[in-house]
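Asks: Before we start, here is the structure in question, set down as structure tokens.
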Amino acid sequence: MKNKFFLLIFYIIFFFNSNLLTDENNKTLQVGLLAPLSGPYSEIGNSLLYSLQLALEEINDNKVTIVPRDSGFNNKDKLDLAVKDMRASGVKTIIGPTTFEEFDHIKKYSDLIFISPSNINPEFSNNIISIGVSLESQLNALIKFIKKQKKTRTIVMYPKNQYVDLVEKKLNNLNLKNVKKFTYSPNPEILTGEIEILTNYSQRKKNLELRKKMFEDKEDDQSIKELERLDQLYTLGNVNFDSVIIIDFGSNLKSVLTSLVYTDVNQDKVLFTTINQWFDESIFYENTIQDLYYPSVNYKEFKKYNDKYFKKFKKYPNEITILAYDALGLIYYAWKKNGKISSINDFSFKNKIKGKIGTFSFKDGKVTQELDIYKTDKKKFIKF
């Protein structure tokens with residue numbers, strides 16, 4: 001039996017307060033928060049700050065303090081001012097920035113460590129660690145799930161938008177086997193025609209009409225029954241894939257699902273999957289697909305976190321904030337384990353780390369999450 005030692009950050013965190021890996025002479029831990037506390041995204045920034053307040057309460061260690069600074073939005077001067085101010089205050093480890101676009105700008109602060117909730121580049125990069133729920137982690141979870149369902153002909157579908165090159169790069173890096181790629185237009189009017197080509201819709205409709213003609217003039221019981229069966233169909237013949245992964249969200253995702261159903265893709269034979277929906281309840285009212293599966297963070301912990309946040313602040317948090325909650329626990333554990341945090345290598349843990357969103361793995365400079373597979377059923381999120 002494999003002995004996998006899981007370091008349960010948020011469940012044993014209280015034990016750290018007593019005598020685990022600690023030193024009575026430990027200095028205080030100051031953790032910076034670099035977030036848009038003003039401007040168009042201030043709601044996200046302040047939600048991140050509230051999340052860290054909850055994490056601090058659970059840590060319950062008066063040696064830990066949060067130093068928040070406003071990074072603004074798309075404002076390099078404000079970003080620089082915030083980072084320099086935190087550094088002058090003695091901060092060595094910072095939660096943020098929230099967007100990948102700011103990474104290049106903060107690399108120059110090589111004496112600081114940044115833990116970002118971004119999911120674009122899930123790895124140790126210079127002085128930055130990204131812990132967001134990455135596309136790589138989601139695809140790995142889905143491919144594993146699809147294999148368990150004994151599906152062998154998978155198509156990964158994604159839109160031709162500003163992220164197409166990034167998605168293709170990540171797909172190529174994963175070196176997925178027995179997987180084909182299909183790109184489509186974000187325009188629903190064009191999309192339907194593209195899906196018709198993918199599913200060989202016109203030919204399958206012709207197949208049905210030709211088959212019907214074979215029995216139209218026959219009066220024997222067998223022919224009549226066959227014609228009655230054919231009259232219940234829209235097309236005849238299978239598509240050349242048995243599973244799909246749709247990398248899309250919201251109304252665009254619904255358009256793709258609608259087009260697949262319109263072209264008569266058999267839901268009993270084809271497995272429909274998509275990427276993380278963050279338990280968006282609007283999907284309950286998407287009746288196009290009976291069974292839609294997707295990888296996500298741990299639902300029970302996500303719901304507990306949301307309820308706890310609502311109880312304290314009388315509103316629900318932005319989804320990204322649970323990553324900040326985990327980030328603080330991660331920083332606290334590294335600090336307790338090493339007695340200090342002096343470099344990014346202090347986060348190179350040999351063992352897996354369990355946080356609110358799931359289980360982290362830090363290996364070969366990459367950050368991955370072990371995600372669960374969910375589907376919706378009767379207005380509930382069901383873990384597969």
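The values are calculated or read from the model by the stated rules, or taken from the named source; none is laboratory data. Everything numeric here is computed off the predicted structure, so don't read it as measured data. Glycine also receives a Cβ, built like all others from the backbone with ideal geometry; neighbour counts cover every protein chain displayed.
Asks: Condition (residue is under 18 Å from N121 (Cα atoms), within 15 Å of the chain's Cα centre (by Cα) and crowded, with 22+ Cβ neighbours inside 10 Å) applied to the stretch 333-351: is it met by at least one residue?
Replies: First, the residues of the stretch 333-351 that are under 18 Å from N121 (Cα atoms): 344-345, 347-348.
Then drop every residue that is not within 15 Å of the chain's Cα centre (by Cα), which leaves none.
No, that holds for no residue.
Asks: A further question follows. Within the stretch 168-184, restricting attention to residues that are within 12 Å of I247 (Cβ to Cβ) and in contact with a helix residue (DSSP H, G or I) (Cβ under 7 Å, 6 or more places away or on another chain), which residue is surrounded by the most Cβ atoms within 10 Å (Cβ to Cβ)?
Replies: Per the criteria, the residue is Y184.
Asks: A further question follows. Could you look through the stretch 78-103, keep only residues that are surrounded by 15 or more Cβ atoms within 10 Å (Cβ to Cβ) and among the polar types (S, T, N, Q), and pick out the one that is nearest to I128 (Cα to Cα)? If you could, list the steps in order and put the result at the bottom.
Replies: Residues of the stretch 78-103 surrounded by 15 or more Cβ atoms within 10 Å (Cβ to Cβ): 78-83, 86-87, 91-100, 102-103.
After this cut, where a residue has to be among the polar types (S, T, N, Q) as well, the list is 93, 98-99.
Working: T93: 10, T98: 12, T99: 12 Å.
Top of the filtered list is T93.
Asks: On to the next question. Which of the residues that make up the stretch 339-366 are part of a strand (DSSP E or B) and polar (S, T, N, Q)? Step through it out loud before you land on a result.
Replies: Our first condition is that a residue be part of a strand (DSSP E or B); within the stretch 339-366, this holds for 352-354, 359-363, 366.
The answer is T359, S361.
Asks: Of all residues being in a loop (DSSP other than H, G, I, E, B) and of a type in the set (A, V, I, L, M, F, W, C) in the stretch 367-384, which is nearest to the chain's Cα centre (by Cα)? Just the residue, please. Break it down into steps so the answer makes sense when it comes.
Replies: Let us first name the residues in the stretch 367-384 that are in a loop (DSSP other than H, G, I, E, B), namely 371, 378-379, 384.
From what is left, the residues that are of a type in the set (A, V, I, L, M, F, W, C) are 371, 384.
Numbers: L371: 9, F384: 17 Å.
Residue satisfying both the conditions and the ranking: L371.
Asks: Additional query: Can you confirm whether the stretch 121-144 contains a residue that is within 23 Å of N252 (Cβ to Cβ), surrounded by fewer than 18 Cβ atoms within 10 Å (Cβ to Cβ) and in contact (Cβ under 8 Å) with a residue 12 or more places away in the chain?
Replies: No, every residue in the stretch 121-144 fails to be within 23 Å of N252 (Cβ to Cβ), surrounded by fewer than 18 Cβ atoms within 10 Å (Cβ to Cβ) and in contact (Cβ under 8 Å) with a residue 12 or more places away in the chain.
Asks: Run K177 past the list (1) touching a residue at least 24 places away in the same chain (Cβ under 8 Å); (2) assigned to a loop (DSSP other than H, G, I, E, B); (3) not polar (S, T, N, Q) and report the number of the one that doesn't hold.
Replies: (1)
Asks: Right, something else. Out of T98, T65, report the one residue that is at pLDDT below 95, more than 8 Å from G32 (Cβ to Cβ) and either outside the structural domain of K27 (by TED's automatic domain parsing) or not aliphatic (A, V, I, L, M) (or both).
Replies: Details: T65 fails: at pLDDT below 95.
Being at pLDDT below 95, more than 8 Å from G32 (Cβ to Cβ) and either outside the structural domain of K27 (by TED's automatic domain parsing) or not aliphatic (A, V, I, L, M) (or both) holds for just one of T98, T65, which is T98.
Asks: K254: basic (K, R), within 26 Å of T183 (Cβ to Cβ), surrounded by 14 or more Cβ atoms within 10 Å (Cβ to Cβ) and out of contact with any helix residue (DSSP H, G or I) (no Cβ under 8 Å at 6 or more places or on another chain), yes or no? Can you show your working first?
Replies: On the way: basic (K, R): yes; within 26 Å of T183 (Cβ to Cβ): yes; surrounded by 14 or more Cβ atoms within 10 Å (Cβ to Cβ): yes; out of contact with any helix residue (DSSP H, G or I) (no Cβ under 8 Å at 6 or more places or on another chain): yes.
Yes.
Asks: Taking S18 as the residue in question, decide whether it is farther than 14 Å from F114 by Cα, at pLDDT below 95 and either within 26 Å of the chain's Cα centre (by Cα) or assigned by TED's automatic domain parsing to the domain that holds A324 (or both).
Replies: yes
Asks: Among the residues of the stretch 346-362, is there at least one that is more than 14 Å from I129 (Cα to Cα) and of a type in the set (D, E)? Spell out the reasoning first.
Replies: Restricting attention to the stretch 346-362, the residues satisfying the condition of being more than 14 Å from I129 (Cα to Cα) are 350-359.
Right, trim to of a type in the set (D, E) and you get none.
Looking for residues that are more than 14 Å from I129 (Cα to Cα) and of a type in the set (D, E), one finds none in the stretch 346-362, hence no.
Asks: Hey, does the stretch 259-274 have a residue that's exposed (fewer than 14 other Cβ atoms within 10 Å of the Cβ), not in a loop (DSSP other than H, G, I, E, B) and not β-branched (V, I, T)?
Replies: Within the stretch 259-274, the first condition is being exposed (fewer than 14 other Cβ atoms within 10 Å of the Cβ), and the residues that meet it are 266, 268-269.
Pick out the ones that are also not in a loop (DSSP other than H, G, I, E, B) and you get none.
Checked against the condition, which is being exposed (fewer than 14 other Cβ atoms within 10 Å of the Cβ), not in a loop (DSSP other than H, G, I, E, B) and not β-branched (V, I, T), the stretch 259-274 yields no hits at all.
Asks: Would you mind stating whether I197 is under 37 Å from the mean Cα position of the chain (by Cα), β-branched (V, I, T) and exposed (fewer than 15 other Cβ atoms within 10 Å of the Cβ)?
Replies: Working: under 37 Å from the mean Cα position of the chain (by Cα): yes; β-branched (V, I, T): yes; exposed (fewer than 15 other Cβ atoms within 10 Å of the Cβ): yes.
Considered against the rule, which asks whether it is under 37 Å from the mean Cα position of the chain (by Cα), β-branched (V, I, T) and exposed (fewer than 15 other Cβ atoms within 10 Å of the Cβ), I197 comes out as yes.
Asks: Evaluate the stretch 308-327: report whether one residue or more is in contact (Cβ under 8 Å) with a residue 60 or more places away in the chain, among the polar types (S, T, N, Q) and either loosely packed, with under 14 Cβ neighbours inside 10 Å or within 23 Å of N140 (Cβ to Cβ) (or both).
Replies: Residues of the stretch 308-327 in contact (Cβ under 8 Å) with a residue 60 or more places away in the chain: 308-309, 312-313, 317-318, 320-327.
Applying the additional criterion that residues be among the polar types (S, T, N, Q) yields 318, 321.
Imposing the further condition that a residue be either loosely packed, with under 14 Cβ neighbours inside 10 Å or within 23 Å of N140 (Cβ to Cβ) (or both) reduces the set to none.
Looking through the stretch 308-327, none of the residues is in contact (Cβ under 8 Å) with a residue 60 or more places away in the chain, among the polar types (S, T, N, Q) and either loosely packed, with under 14 Cβ neighbours inside 10 Å or within 23 Å of N140 (Cβ to Cβ) (or both).
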